[in-house]
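Only one structure is covered here, and it is reproduced in the block below.
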Amino acid sequence: MGNPVKPRLVPLALPLLLAACVGKPDAPVAADPVAEAPAREKEPDENVEKDPLLSEAKIAHVVVPEAFITPATPAENVDSPASWRAPDGTRWLIATAKDTHRLVVYDGSTGKQLRTVSGPGSELGQMQRPNGIAVIDDLVLVVERDNRRVQVFQLPDFTPLLVFGADDLKQPYGLWVRPQKDAYEVIVSDNYMSPQNEDLPPPLAELGQRFKRYHLQRTEGGWKATLAGTLGDTGEAGAIRIAESVFGDAANDRLLLAEEDVAVGTRLREYGLDGTYRGRDIGADLFKAQAEGMALAQCADGTGYWIATDQFKDRSVFHVFDRTTLAYKGAFAGNRTANTDGVWLDQSADARFPQGAFYAVDDDQAVAAFDWRDIAKALSLPECRAE
């Protein structure tokens, strides 16, 4: 979502509030003196009369202190994070920066900024308003809203390999990637709006292509991506009016799509991997601000947890659901992490995060890290050894 709200409101003490964890994040990294953020255009999901505040919402949650928050860089307009383990074992945290049209790379264990990648333009290796990001194997896939495409980089050098989707995508935002035999499937959300009013979604009958499905594979000459189909329900119950976040669970034949349109009720909708609406919504009575970024904890025994963002302006809430049954397990918030767009869960272990780290964008200008052990303890979740 849009312009950051600077004040950090103190949460109210609520009768239903669960016992909060206590603690302090690691010593903050010194802020990089970046110019203040310019006035920004509103996103399609920002058409609300009043910014939603957790301090007024009375949502039961525990407080999990952030392990660290990266330096605040308002001019970047940070949107979404992803992470990767470098050959030397270093955890890289990679975030999209919409206003500077680049990627910002941090040390995923400390929050220290390491480098930036790319810059504005439409050539291979350049970007225009990067939004969603995903890392799989040694590939980074980035959605560029204003170039209407997805770009693929190869790690560790961020070598640009190819761009795809410009012939099909109109206003892409998020993506989910899963491995297939000798290839990858990439599902991209496409938040095209009404031709008559770009602030409103199109009629239901025109929402059948809300998500594009691509087949990405290595070829003898490099890489190739082909459009494999589109998906999107056009019924009153199952359509996605405002589309950004998408995430899947192949083991359970499930796609969760965030409906961000507060006018019809923000929530998660359950689809099958075939793109069919299952007739089931998750969190319709839980999300009070706006459903946003999602992540999936996948445990070795087949269990696990969905984490889904409720995007309050003063502090974001992260709702947790059972992986298989989608039963509600509770919610947590950080001490200050707010206005979160994208999130990412890295279940790999290192000395700093032995059971992995959960990353969440903070107020369009930084990325917060949470130790999974702190989340699990606060919500009394059984141990989850990664698959």
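The values are calculated or read from the model by the stated rules, or taken from the named source; none is laboratory data. The structure presented is a predicted model; accordingly, all values stated were derived computationally and were not measured. Note that we place each Cβ from the backbone using ideal geometry, even for glycine, and neighbour counts take in every protein chain shown. Calculation scope for accessible area: heavy atoms of the full protein, side chains included, ligands and nucleic acids excluded. Shrake-Rupley method; radii C 1.70, N 1.55, O 1.52, S 1.80 Å.
Brief remarks follow.
- The chain: calculated mean residue ellipticity at 222 nm from DSSP helix runs of at least 4, using -39500 (n - 2.57): -500 deg cm²/dmol
- Accessible surface of segment 82-233, 1.4 Å probe, proportion on carbon and sulfur as whole %: 44 percent
- Segment E206-K58, length gained on full extension (0.36 nm per residue, minus Cα span): 49.6 nm
- Taken about its Cα centre, the chain carries a charge dipole of roughly 540 debye when the Cβ of each Lys and Arg holds +1 and the Cβ of each Asp and Glu holds -1.
- Per residue accessible area in Å² of segment 151-227, where ligands, DNA and RNA are left out and the probe is 1.4 Å: 48 Å²
- Three-way shape call for segment 262-333 based on the alpha-carbon gyration tensor, with the a/c threshold at 1.5: oblate
- Segment 228-352 shape via C-alpha gyration tensor axes, a/c threshold 1.5: oblate
- Lys/Arg +1, Asp/Glu -1 at C-beta; segment 50-141 dipole; positive extreme among L141, F68, T100: F68
- Nitroxide proxy distance, nm - points 7 Å out along Cα→Cβ at D253 and T116: 4.7 nm
- In terms of packing, defined here as the mean over residues of other Cβ atoms within 10 angstrom, the peptides 360-372, 126-138 line up highest first as 360-372, 126-138.
- Segment 247-276 versus segment 335-354: alpha-carbon centroid distance in Å: 22 Å
- C-alpha center-to-center spacing [segment 162-197, segment 310-326] in angstrom: 24 Å
- Shape category assigned to segment 305-374 from the gyration tensor of Cα positions, a/c cut at 1.5: oblate
- Heavy-atom surface of segment 238-387, accessible at 1.4 Å and reported per residue (Å²): 29 Å²
- Computed with the Debye formula from one identical point scatterer per Cα of segment 61-220, without solvent, the log10 of I(q)/I(0) at q = 0.08, 0.11 Å⁻¹ comes to -0.26, -0.48.
- Here the contact order of the chain, divided by its residue count and restricted to Cα pairs under 8 Å and six or more residues apart, works out to 16 percent.
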